[in-house]
Amino acid sequence: MKVLVINCGSSSLKYQLIDSVTEEMEAKGLCERIGIDGRLTHQTTGKDKYVVESPMPDHKAAMKLVMEALLDADHGVIGSTDEIGAIGHRVLHGGPTLTTPMLVDQHVKDVIRDCFDLGPLHNPANLMGIEACEDAMPGKPNVVVFDTTFGMAMEEKAYLYAIPYEYYEKYGVRRYGFHGTSHMFVSREAIKFGGLKPDAKVIVCHLGNGASISASIGGKCVDTSMGLTPLEGLIMGTRSGDVDPAVVQYICNKEHRDVNDVLNILNKKSGMLGMSGVSSDFRDVEAARQEGSHRSEVALEAFRYRVAKYIGAYTAAMNGVDAIAFTAGVGENDKNARKLICDYLGYLGVVIDDEANNVRGKNAVISAPESKVKVMLIPTNEELAIARETVALAQ
Ligand code: ADP
């Protein structure tokens, strides 16, 4: 079956067409500037890129152009929409009730709408994407895979905040965790690729512009670093990760700003960007460090230190760790970051093989044979994970 995987942002729509038998990507593309003007970049595997500049007032219009690109005689990949068996959607937040991937029906759409408050930037766009696909391909099964699904396996002691319980009961204030599809995919791949026992204890470090870390046993989440929103946890490109919440009030008072302003600063102007003053992109921060920027050096050190602290905490949470897997932009491409994080882990018996660590973007064991913990690089593939879940539900 061919599965169309859709990932909508507020002004963008990314897609991939995946053959579920070969698990090969047959085409991919991106609609940008939806609601502004509109550009579609499409690429069928093995063919040249194809760019269409065309007005996209909304996601429905974008979806129409995606279908035209997929069906295009020269640049497309299918002869008719009948070839698409199902559509899988990445959805940010399923709230406290939608805890597994689901076939879309009215109830599922209502809950996604009820969660607009919890995912204000993503959930409305995700719902628009679902409705655009229902319009473009009536009668086809649509499946939603939530970024929060993986974290919903956490126990109460891990997901509850130590605040009055009524806020959990009334408003669902708890830790949910995000990047769940990636953590689920990478933890399972790590067990498979690493030849580990099925109930292995795995820590996945998803280190990109958004960054999070998870602890899982046999692929089931024990803990993960993002919380009610993706702001909690590691230092990220522009997000602060963990801070004392009193910082918010203090800055509000000093700068005469309101809570929303300061939360915006913690989400968009903090992290590597805020600390270095250079960029949210790790490569720019590294280049500035090499030119002598002290703030950039500290930002990179703080990033790695935070990851190492979480690895320690999660090893304690699981009473041990069998494997650590690195993934996402930094985790897959930056051998120095992997090495320097692992330098903190000598007490766990972690030994990195520098030659094996000289690798990018493919499954690899990067620890030495004598290492007590297997350390791996496992490229994430959220689209493939969504396609797998979609096929399981659509059949
Ligand atoms: P997201 O999906 O959250 O936008 P990605 O997983 O694509 O993020 O990661 C993007 C980050 O990965 C960027 O900050 C970029 O600097 C970093 N990155 C990519 N390649 C390298 C590299 N070779 N060395 C260091 N960082 C890299």
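Screening the candidates G210, G237, G277, G241 for the property of being at positive phi, surrounded by 17 or more Cβ atoms within 10 Å (Cβ to Cβ) and either within 16 Å of the ligand (Cβ to nearest atom) or modelled with pLDDT under 95 (or both) yields one hit, G241. Within region 297-336, the set of residues being within 20 Å of V351 (Cβ to Cβ), more than 16 Å from the ligand (Cβ to nearest atom) and in contact with a strand residue (DSSP E or B) (Cβ under 6 Å, 6 or more places away or on another chain) comprises I311, Y314, G320, V321, D322, A323, I324. Screening L345 on (1) outside any helix (DSSP H, G or I); (2) away from the ligand (no atom under 16 Å from the Cβ) shows it passes everything except condition (1). In this structure, A136 does not qualify as open to solvent by less than 30 Å² (accessible area, probe 1.4 Å) and in contact with a helix residue (DSSP H, G or I) (Cβ under 8 Å, 6 or more places away or on another chain).
State which residue is most open to solvent (accessible area, probe 1.4 Å) when the search covers only region 178-198 and only residues that are outside any helix (DSSP H, G or I) and closer than 25 Å to L234 by Cα. Result: H179. In the condition set (1) open to solvent by 20 Å² or more (accessible area, probe 1.4 Å); (2) away from the ligand (no atom under 15 Å from the Cβ); (3) under 24 Å from the mean Cα position of the chain (by Cα), H294 is compliant with all but (3).
Is region 371-382 home to any residue that is in contact (Cβ under 8 Å) with a residue 12 or more places away in the chain, outside any loop (DSSP other than H, G, I, E, B) and open to solvent by 50 Å² or more (accessible area, probe 1.4 Å)? Yes, there is a match, as at least one residue in region 371-382 is in contact (Cβ under 8 Å) with a residue 12 or more places away in the chain, outside any loop (DSSP other than H, G, I, E, B) and open to solvent by 50 Å² or more (accessible area, probe 1.4 Å).
Residues checked against (1) charged (D, E, K, R); (2) outside any loop (DSSP other than H, G, I, E, B):
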{"position": "L65", "(1), (2)": "no, yes"}
{"position": "D82", "(1), (2)": "yes, yes"}
{"position": "F116", "(1), (2)": "no, no"}
{"position": "E131", "(1), (2)": "yes, yes"}
{"position": "P138", "(1), (2)": "no, no"}
{"position": "I163", "(1), (2)": "no, no"}
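The values are calculated or read from the model by the stated rules, or taken from the named source; none is laboratory data. Keep in mind that this is a model prediction, so the values were computed, not measured. Cβ atoms come from the backbone with ideal geometry, glycine included; neighbour counts cover every protein chain shown. We work out accessible area using only protein heavy atoms, side chains counted, and drop any ligands, DNA or RNA first. Shrake-Rupley method; radii C 1.70, N 1.55, O 1.52, S 1.80 Å.
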